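Step one of this worksheet: look at the structure below.
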Amino acid sequence: MTIQRPGYLNFLIEWKEQQIIKVVSGIRRCGKSTLFDLFQAQLLSEGVSAEQIISINFEEAENEPLRDYRALYDYVRGKMLPDRMNYIFLDEIQHVTDYQKAVDSLFVKKNADVYLTGSNAYFMSGELATLLSGRYVELKMLPLSFREYASAFDRGISKEELYRNYVYNSSFPYTVGLNSRRNIHAYLDGI
């Protein structure tokens, strides 16, 4: 189940095709990759063709050869359509050595709209400001709010029970798929 996160999605929509790098940072498993999926679906619904979307997740083993900035740049340039806007999504970019060189080279192309995610402490530290200084806007993503968490469940569950599930299972999107009712009741029965 995908939980809609309109506040975050609207940020990407607002900055779409602006001549600036869009960076989504946040703790691991908070939903950054899913946000990219939601935004790509939005682009497709607006008439953007699948060929205009270039998406690479650097945590996938098949993308390991692209962890060198030059290999990444050459790969993306080879996929870009010359006469149309290209939407470039680089997920967990911190895995690419000297990633800023590839990102800067793509950023200067008039037909490239660049989006990045990163989640480790290095990427979220002041290094980002140094490496991409003056060329990016950052969206700091959090795990689910209680409202977002509750939106994933049937209305037959009380707010109190939902809140206990939220506190017990955590606010990470993955936990919505857990059998929350059983987990919380088993926990409470053990007290």
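Of all the residues in region 51-85, those that are surrounded by fewer than 13 Cβ atoms within 10 Å (Cβ to Cβ), of a type in the set (A, V, I, L, M, F, W, C) and touching a Leu at 6+ places or on another chain (Cβ under 7 Å) number 0. Screening Phe11 against (1) closer than 15 Å to Leu139 by Cβ; (2) modelled with pLDDT under 95 leaves a single unmet condition, (2). Kindly list, by first and then second residue, each pair from a residue in region 10-22 that is closer than 14 Å to Leu38 by Cβ and of a type in the set (A, V, I, L, M, F, W, C) to a residue that is surrounded by 10 or more Cβ atoms within 10 Å (Cβ to Cβ) and at pLDDT 95 or above, limited to pairs with Cβ atoms under 6 Å and residues at least 6 apart or on different chains. Taking only residues 6 or more apart or on different chains, the pairs are Leu12/Phe39.
Ser133 - would you say it is at pLDDT below 95 and open to solvent by less than 30 Å² (accessible area, probe 1.4 Å)? No, not satisfied.
Here's the yes/no breakdown for (1) within 17 Å of Leu139 (Cβ to Cβ); (2) in contact with a strand residue (DSSP E or B) (Cβ under 7 Å, 6 or more places away or on another chain); (3) of a type in the set (Phe, Trp, Tyr); (4) at pLDDT below 95:
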position	(1), (2), (3), (4)
Gln52	no, yes, no, no
Leu66	no, yes, no, no
Tyr73	no, no, yes, no
Arg77	no, no, no, no
Tyr87	yes, yes, yes, no
Ile93	yes, yes, no, yes
Asp98	no, no, no, yes
Asp113	yes, yes, no, no
Gly126	no, no, no, yes
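The residues of region 74-123 that are closer than 16 Å to Glu51 by Cα, among the small types (Gly, Ala, Ser) and either in contact (Cβ under 8 Å) with a residue 40 or more places away in the chain or assigned to a strand (DSSP E or B) (or both) amount to a single one, Ala112.
Take the residues in region 147-168 that are under 24 Å from Thr117 (Cβ atoms) and of a type outside the set (Ser, Thr, Tyr), then tell me which one is surrounded by the fewest Cβ atoms within 10 Å (Cβ to Cβ).
Taking region 147-168 first, the residues under 24 Å from Thr117 (Cβ atoms) are 147-149, 151-152.
Those still in the list that are of a type outside the set (Ser, Thr, Tyr) too: 147-148, 152.
Working: Arg147: 7, Glu148: 21, Ala152: 17.
Ranking the candidates gives Arg147 first.
What residue, among those in region 1-36 that are in contact with a strand residue (DSSP E or B) (Cβ under 8 Å, 6 or more places away or on another chain) and in a helix (DSSP H, G or I), is most open to solvent (accessible area, probe 1.4 Å)? Here the answer is Trp15. When Phe39 is tested against (1) out of contact with any helix residue (DSSP H, G or I) (no Cβ under 7 Å at 6 or more places or on another chain); (2) open to solvent by less than 80 Å² (accessible area, probe 1.4 Å), only condition (1) is not met. Tallying residues that are under 16 Å from Asp113 (Cβ atoms) and free of Cβ contacts under 8 Å to residues at least 12 places away in the same chain within region 50-73 yields 1.
Can you name the residue in region 158-188 that is among the hydrophobic types (A, V, I, L, M, F, W, C) and either farther than 26 Å from Thr34 by Cα or out of contact with any Ser or Thr (no Cβ under 9 Å at 6 or more places or on another chain) (or both) and, of all such residues, is modelled with the highest pLDDT?
Val167
The values are calculated or read from the model by the stated rules, or taken from the named source; none is laboratory data. Treat the numbers as computed from the prediction; the structure is a model and nothing was measured. Quick reminder, even Gly has a Cβ in these numbers, built from the backbone with ideal geometry, and neighbours come from all protein chains shown. Only protein heavy atoms, including side chains, enter the accessible area calculation; ligands, DNA and RNA are left aside. Shrake-Rupley method; radii C 1.70, N 1.55, O 1.52, S 1.80 Å.
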